[in-house]
Amino acid sequence: MKVFRPWVFQGSKRRKNYFEGWYFKHVSADRQNVYAIIPGISLSENDSHSFVQVLNGLTGEAFYYRYPVSSFMASSRELSVEVGQSSFSSNGIRLNLNDNRVKIQGELVYGSLNAYPSTLTRPGIMGWYSFVPLMECRHGIVSTGHLLDGMIDINSKIIDFDSGKGYIEKDWGKSFPESWIWLHCNTFRSSDASFTFSVAKIPWVGSFFIGFISYLSYGNQFYNFSTWSKAAIETLVYSENTLNLTVVNKKYRLVINAVNNMPGDLKAPVMGSMTRIIKETVDAGIELRLEDTAGNILFEDEGIRGGMELIDKMLDYFV
């Protein structure tokens, strides 16, 4: 039944070559501060441990706090994760991180989480792919957006997140894909929209396929653009630090322009081991335009403090 609850701990401390991580993004009300905070566990042959990663979106600075596996606790029934003296739940997070270089303390309280729509046949963002066995990595959207209150103290600098905006997703499995592109934004200039797009090279039975998942929600409207729902990528071009992308389904076309900016180094899993370094920004600019098949514009807005990861090899499949 965990397939219907991606926010819970999907694994076990006894597993080998396994990782699991929760991605909590926080943007202040004035949009002048953005932090991604990632608690997780890495189970590998030689370096099993738990961790909390922190990425400052405006500077690209990233910090990695290591803990023994025994310092990790997570629920298989609800969103509840503890790593060392820090805790993460659907109600908020409490941070107590210190590596004798950067000390981070504070508490953020979450408003009601906006869950990704789920059905018995299409549980979550992966749709019916959620039931496919032997996939190296699985993905879940925990909250498309929620309000924040509270503050974080980083080396005696107070960062106020009162009336800010949050987002939660997660990944689990053995390894991140060989190549992928990921976008996210829920801090748009004139709407409460939330958007995510991810395309990856997915190994399968000795071969691979290119699959993608994406959604746009605003107001009471929700639009899905994913491989499993028979949507398609019409164009994908990356030039001069800008990604131009169009996805289509039977009824709609979503045009996306994303500008990369100020990436930081994050650790990513390979066979459970956090040995790969990837570049991520949480300060991307993302413009969206949703059209119907007649070309009528149904939605148009510009987002700031967006998330973006782009592994160059992914572009080879769209030349």
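Read the figures in this text as sums done on the coordinates, not as results from a lab. Keep in mind it's a predicted model, so treat the numbers as computed, not measured. Note: ideal-geometry Cβ built from the backbone for every residue, glycine included; neighbour counts use all protein chains shown.
Using a simple charge model, +1 on the beta-carbon of Lys and Arg, -1 on the beta-carbon of Asp and Glu, nothing else, what dipole does the stretch 2-318 show about its Cα centre, in debye to the nearest 20?
Magnitude of the dipole: close to 1080 debye.
Show me, bin by bin at 10 Å from 0, the whole-percent P(r) of the stretch 189-313 based on Cα pairs.
Answer for the stretch 189-313: a P(r) of 11, 39, 34, 13, 2 percent.
Starting from the Cα of Lys16, draw a straight line to each of the lysines and keep only those under 27 Å, dropping any in the same chain fewer than 8 residues away.
Correct list for Lys16: Lys2, Lys170, Lys174, Lys201, Lys267, Lys279.
HN-Hα J couplings of the stretch 261-275 from phi, Karplus 6.51/-1.76/1.60, θ = phi - 60°, integer Hz, Gly and Pro as x?
Those phi angles translate into 6, 6, x, x, 8, 10, 8, 9, x, 10, 6, x, 8, 7, 10 Hz.
When a/c reaches 1.5 or more, the comparison of a/b and b/c decides; with that in mind, is the stretch 1-149 rounded, prolate or oblate per its Cα gyration tensor?
In terms of gyration-tensor shape, oblate.
May I ask which residue of Val199, Ser44, Val255 lies farthest towards the positive end of the charge dipole of the stretch 2-318, with charges of +1 (Lys, Arg) and -1 (Asp, Glu) on Cβ and the Cα centre as origin?
Ser44
Out of the stretch 225-295, which trypsin sites (Lys or Arg not before Pro) are coil in DSSP terms and have no more than 12 other C-beta atoms within 10 Å?
Those that pass, being in a loop and sparsely packed, are Lys230, Lys250, Lys251.
For a quick protection proxy, order the peptides 304-311, 128-135, 71-78 by their average other-Cβ count within 10 Å, most packed first.
Highest mean packing first, the order is 304-311, 71-78, 128-135.
For Lys103, go through the aspartates and glutamates and keep the ones whose alpha-carbon is under 12 Å away, minus same-chain ones fewer than eight residues off.
The qualifying aspartates and glutamates are Asp153.
Please give the peptides 212-218, 202-208 ranked by average Cβ packing (other Cβ atoms within 10 Å per residue), highest first, as a rough proxy for protection.
212-218, 202-208
Which of the aspartates and glutamates could be linked to Lys250 by a straight reach, that is with a Cα gap under 18 Å, when you skip same-chain ones fewer than 8 residues away?
In chain and number order, the partners are Glu234, Glu291, Asp292.
Taking the Cα-to-Cβ direction at Asn100 and at Phe131 and moving 7 Å from each Cα, how far apart do the two end points lie in nm?
So the label points at Asn100 and Phe131 sit 5.3 nm apart.
When the Karplus curve 6.51 cos²θ - 1.76 cosθ + 1.60 is applied with θ = phi - 60°, which whole-Hz ³J(HN,Hα) does each residue of the stretch 18-23 get, with x for Gly and Pro?
Result, rounded to whole Hz: 9, 9, 7, x, 10, 10.
Toward the positive end of the charge dipole of the chain, about the Cα centre and with charges on Cβ (Lys, Arg +1; Asp, Glu -1), which of Gly272, Tyr223, Ser87 goes farthest?
Final value for the positive-end residue is Gly272.
Kindly state, to the nearest 0.05, the FRET efficiency for Lys279 paired with Ser89, given R0 = 25 Å and r defined as their beta-carbon distance.
Efficiency, from the Cβ-Cβ distance: 0.30.
Counting other Cβ atoms within 10 Å, keep those with at most 11, restrict to DSSP loop, and tell me which GluC sites (Glu not before Pro) in the stretch 269-308 are left.
none
Convert 10 °C to kelvin, take the viscosity as 1.306 mPa s, use the Kirkwood radius over C-alpha pairs of the chain as Rh, and evaluate the Stokes-Einstein diffusion coefficient in µm²/s, rounded to a whole number.
It diffuses with D of about 80 µm²/s by this estimate.
Tell me which of Leu108, His26, Pro123 sits at the most positive position along the dipole axis of the chain, charges placed on C-beta atoms (Lys, Arg +1; Asp, Glu -1).
Going by the Cα projections, it comes out as Pro123.
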